[in-house]
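The values are calculated or read from the model by the stated rules, or taken from the named source; none is laboratory data. This one's a predicted model, so the numbers in the text were calculated from it and none came from an experiment. Every residue, glycine among them, receives a Cβ derived from its backbone with ideal geometry; neighbour counts consider all protein chains shown.
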Amino acid sequence: MRNLSKQLRPLWIILTAVALCGAVAFAVLTAVAARAGKGSSPFPVELPAGVTVAAEGDLTVAAAGADNTISLFSKESGEVLWTAQRPISQEDARPSRIRDLAVRGDWVYAAFENREICRFAAEGGELLGVYAAAMPPQRLVFGGEGTSVLAVSCANQRGKEVVLLDTAFSGSLSYEDESVPRLNAANYAVGSGVNGIWIQSDQAIWIADETTMVTRFTKAGVAADGSGERETFTGLPGSLAAFCAVEDGFVGIDLKGDFYRMDDSFKVRSSASLGVGSLTSARQQGSSFYGLTSDGRLIGADADGLRFSISLNGAGLAMVSEAGFGLSDAGGFRYIGNDLAVQMASYGGKLALFAVLLAVFVLFLAYAALNVWRPLGQKVNHGFAIFGKALCKHRFAYLGLLPAFALLAVFYYWPILRGFALSFFDSNGATSTFVGFENFAAVLRNTAFWRSTGNMFVLLATDLFKALVPPLLFAEFILAVRSKRFSFAVRALLFIPGILPGVAGTLVWVNGVFGRDSYGLLNSICSLFVPGFTRVWIGPNLEASSLISIIMFAFPWVGSYLIFYGGVSAISNSLFEAADLDGCSWVRRMVTIDLPLIAPQLKYIFITSFIASVQDYGRLFITDQATGHGLKIPALIIYESLYGNSEPNYGLSSAMSMFLFAFLLIATVLNFRAQSKSD
């Protein structure tokens, strides 16, 4: 055996090296997948959520809010190059929301809700031209390189149209100017939130119909009233939401999520599903397509088909360009290049797989390393042998426990681990930034959090008393009643209040029993002795009175009496008869016989009431909403840090939860140890 161990040692050394290489490789892949899954490409300047953004080259344009302000930033440094405003006329002095922005070479274009399309110089921000459309503009569509046509899709309740502008338009133009071609787009998809326009040259503009038709317009032949030269192409299996020209024809996508390859006359050569389901909208910039799915995902495609499909995690699509797109959420604006999006789709979805494989290789590395040293390896293998024999012997018992532990792992253990991991991040649910132990330090500095523990301990002590003493006494009193009918009636009457929903019961107490006017039950009783007596029992600046009133909720506190009643009624009558023969009083019998024999029920109620009291913020939250008493406990502060602010702080809330979790874990372990010693 010793010779065999010596012969196997080189093999274990080799396996240890292999496991080490695998663990390092999957650790790197896990880190890459985690980073790719976050899609972290933050803009150097923190922009407000919901801004309209456009980008080209090393410039980024952001329209902040509805104050007519346009700012041009450097994408690399975040430096503000210039800020400009829409000129406000005397006829229309109201602020106007920006509908769409675009950066094209040396110019910046903005479409305003008040029907104006403005052109600014990219250098300096000088206003170079304004066009007043007949309808509010929806989207700006440009052609490829070398084209000088800007198509503006406009729509209102009366109809839709497409305005064809020269990209170098200057001065002041209006829809009455006959030199500006306008197309009646009543049936075109451009007014439905999609981008079914393709401009290939200064003369040819293709617009997709909402059905199965594409129309080719000749700019030189289009008059201001929309009449002129045009050519229609029919026979498409579906309407094109976005399309572009390629060397041998056209490619495009529709809102059903299908991808088409077509010839010059839009005859379909091939079609295939993108495998992403239906789209709610689609846009095209150059040869790049972007679509939003109904389940909150963004898909990207090009002339070769689908490139990526990523989850937006609640963010909004702020802008698109041929090279990438921008997302806007509570954390601000992030620009993500298409190549990074491909990595996010490729690696981000494999994070769980890489993490599992990393754990497998780490465990195998530990096992192989232990077997390199023979004495330690023998102990490990002996332990595995004992565990394997027990597993085979009691396999049905272990199989029966497996579903329960699987559900616990999914719904309890994983949220605990996830919460622990979040405590090291500054997270708002959409974006996460690693901050180390900063959240824990913030909790230690949070005086309001630690001050609230005083209320928690007061409520904890009273909750334990209410859960143990009154229910036990009521159970003993019911057993002492000799009439079975009366006993049954009492048990039923005591159980009926438990049917009332907790929220309704709380509101009954706060508004009915402790009502601040003369109709409150307590004030009504006091007014019998002191005419006109009214008092506010729960309210602002009444911390002691409010706390005592909340403690009195659910009086006479008989909630768990059925558990004690079942435990005491299961005690053998022979013990009670022997106690009677010995002259044992009722109180002494309860202390010496009943309490020791119902110890499991007492410990169960103690543990569950302990945990429930620490976690129960509902009564304080509901009563504070009704009265504004301002009482806090740690669990309520955790809830408010998530839902009480405009932006949730999952990281700080998770760090607070870890302190509360540690307290409950220590208290539960000490209770179990005390139980084991008593057993």
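Values as computed for the structure displayed
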| read-out | value |
| --- | --- |
| One residue from 533, 477 being in contact with a Ser or Thr (Cβ under 8 Å, 6 or more places away or on another chain) and of a type outside the set (S, T, N, Q) | 533 |
| Pair list, Cβ under 6 Å, 6 or more apart: region 402-419 residue touching a residue at least 12 places away in the same chain (Cβ under 8 Å), other residue not charged (D, E, K, R) | 419/654; 419/657 |
| Strands (runs of 3 or more DSSP E) wholly inside region 241-356 that include at least 3 residues being surrounded by 18 or more Cβ atoms within 10 Å (Cβ to Cβ) | 242-246, 249-253, 258-262, 279-285, 288-293, 297-302, 305-311, 316-320, 324-329, 332-337 |
| Residues satisfying the stated conditions in region 114-127, i.e. of a type in the set (A, V, I, L, M) and crowded, with 16+ Cβ neighbours inside 10 Å | 117, 122 |
| Subset of region 167-211 that is among the β-branched types (Val, Ile, Thr) and modelled with pLDDT of 80 or more - its residue that is nearest to residue 106 (Cα to Cα) | 167 |
| Conditions (1) free of Cβ contacts under 8 Å to residues at least 24 places away in the same chain; (2) in contact with a Pro (Cβ under 6 Å, 6 or more places away or on another chain): number failed by residue 512 | (2) |
| Where residue 605 falls short, out of the listed (1) without any contact (Cβ under 8 Å) to a residue 60 or more places away in the chain; (2) farther than 30 Å from residue 540 by Cβ | (1) |
| Subset of region 425-463 [modelled with pLDDT of 85 or more and under 12 Å from residue 654 (Cβ atoms)] | 439, 440, 442, 443 |
| Residues being loosely packed, with under 15 Cβ neighbours inside 10 Å, without any contact (Cβ under 8 Å) to a residue 24 or more places away in the chain and not polar (S, T, N, Q) - total across region 147-167 | 1 |
| Entirely in region 539-596, the helices (runs of 4 or more DSSP H) that have 2 or more residues that are touching a residue at least 60 places away in the same chain (Cβ under 8 Å) and not aromatic (Phe, Trp, Tyr) | 543-551, 561-569 |
| Flag if residue 464 is more than 26 Å from residue 597 (Cα to Cα) and surrounded by 14 or more Cβ atoms within 10 Å (Cβ to Cβ) | no |
| Output for region 520-575, where each listed residue is in the same structural domain as residue 594 (by TED's automatic domain parsing), more than 44 Å from the chain's Cα centre (by Cα) and among the polar types (S, T, N, Q) | 569, 572, 573, 574 |
